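Student: Once you've had a glance at the structure underneath, I'll fire off some questions.
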Amino acid sequence: MWFDSWADLGRILAVGAAAYVTVVVVLRFSGKRTLAKLNAYDLVVTVALGSTLATILMSSDVSWAEGAVALVLLAGLQALVAWVSAHRSGARNVVTSRPTLLFREGQPLPQALREQRMTLGEIRQAVRATGSGDLADIAAVVLESDGTLSVIPRSKVGNWSAFEGVAGAEHGTAGDWAT
């Protein structure tokens, strides 16, 4: 179908404008964390907000008020989960995964790669993206909680203090890994 009615188009314009303003207000009041890409849960909330906005716009079965309540609910639940995970020990592990060391001192960690379903080719790609061409120059590659790969060159690793809480990094000390 190319065209149903002017009323449908008018509804999309009116409800769409109101829904857009609602999303902006909800995001403004819910804070920066609502759109952060810190972990998988944050990504799910971001996708759900977009899906909810699309449903408000396109479905005449969903009123603006119902959509606004859904948007506020999603932002509120995200804020609640973020607060609980920040203030209750152990709750963060339920919502987010630990970062994982995949590569250390120029060498891949095969078991970690298998467990995280990553390949050495993906590690090489991440290293190249940093502008480095030699794996021997890399101190570590970490698969972060949000799914990104952090590449740390040997020249920037320092005392390894940033690796606290990274799975696989607790098997040695900074002195053991230093070259």
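The values are calculated or read from the model by the stated rules, or taken from the named source; none is laboratory data. None of the values given here were measured: they were computed from a predicted structure. When we count neighbours, we look across all protein chains shown, and the Cβ atoms used for this are built from the backbone with ideal geometry, even at glycine. Remember, those area values only see protein heavy atoms, side chains included, never the ligands or the DNA or RNA. Shrake-Rupley method; radii C 1.70, N 1.55, O 1.52, S 1.80 Å.
Student: Listed residues 166, 157; which is out of contact with any His (no Cβ under 9 Å at 6 or more places or on another chain), without any contact (Cβ under 8 Å) to a residue 60 or more places away in the chain and either open to solvent by less than 50 Å² (accessible area, probe 1.4 Å) or among the acidic types (Asp, Glu) (or both)?
Tutor: 157
Student: Separate question: From the residues in region 115-125 that are farther than 15 Å from residue 166 by Cβ and touching a strand residue (DSSP E or B) at 6+ places or on another chain (Cβ under 6 Å), which one is surrounded by the fewest Cβ atoms within 10 Å (Cβ to Cβ)?
Tutor: Result: 120.
Student: Let me ask something else. Applying the selection to region 25-39, what residues are open to solvent by less than 30 Å² (accessible area, probe 1.4 Å) and closer than 14 Å to residue 71 by Cβ?
Tutor: Scanning region 25-39 gives 26, 34.
Student: Which condition does residue 112 not pass, out of (1) surrounded by fewer than 17 Cβ atoms within 10 Å (Cβ to Cβ); (2) touching a residue at least 24 places away in the same chain (Cβ under 8 Å); (3) in a helix (DSSP H, G or I); (4) not basic (Lys, Arg), if it passes all the others?
Tutor: Tallying (1) surrounded by fewer than 17 Cβ atoms within 10 Å (Cβ to Cβ); (2) touching a residue at least 24 places away in the same chain (Cβ under 8 Å); (3) in a helix (DSSP H, G or I); (4) not basic (Lys, Arg), residue 112 fails exactly one: (1).
Student: Residue by residue through region 115-129, note down the ones that are assigned to a helix (DSSP H, G or I) and among the basic types (Lys, Arg).
Tutor: Listed by number, the residues that qualify are 124, 128.
Student: Something else about it: What is the one condition in (1) open to solvent by less than 30 Å² (accessible area, probe 1.4 Å); (2) more than 17 Å from the chain's Cα centre (by Cα) that residue 6 does not satisfy?
Tutor: (1)
This table checks each residue for (1) closer than 20 Å to residue 165 by Cα; (2) among the charged types (D, E, K, R); (3) touching a residue at least 24 places away in the same chain (Cβ under 8 Å).
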| position | (1), (2), (3) |
| --- | --- |
| 94 | yes, no, no |
| 106 | no, no, yes |
| 127 | no, no, yes |
| 141 | yes, no, yes |
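Student: Would you confirm, using the coordinates I've provided, whether residue 145 is assigned to a loop (DSSP other than H, G, I, E, B), out of contact with any Leu (no Cβ under 9 Å at 6 or more places or on another chain) and surrounded by 14 or more Cβ atoms within 10 Å (Cβ to Cβ)?
Tutor: no
Student: Check off (1) at positive phi; (2) touching a Lys or Arg at 6+ places or on another chain (Cβ under 7 Å) for residue 106 and give me the number that stays unchecked.
Tutor: (2)
Student: In addition: Would you mind stating whether residue 55 is surrounded by fewer than 16 Cβ atoms within 10 Å (Cβ to Cβ), polar (S, T, N, Q) and without any contact (Cβ under 8 Å) to a residue 40 or more places away in the chain?
Tutor: Here the answer is yes, as residue 55 does meet what is asked.
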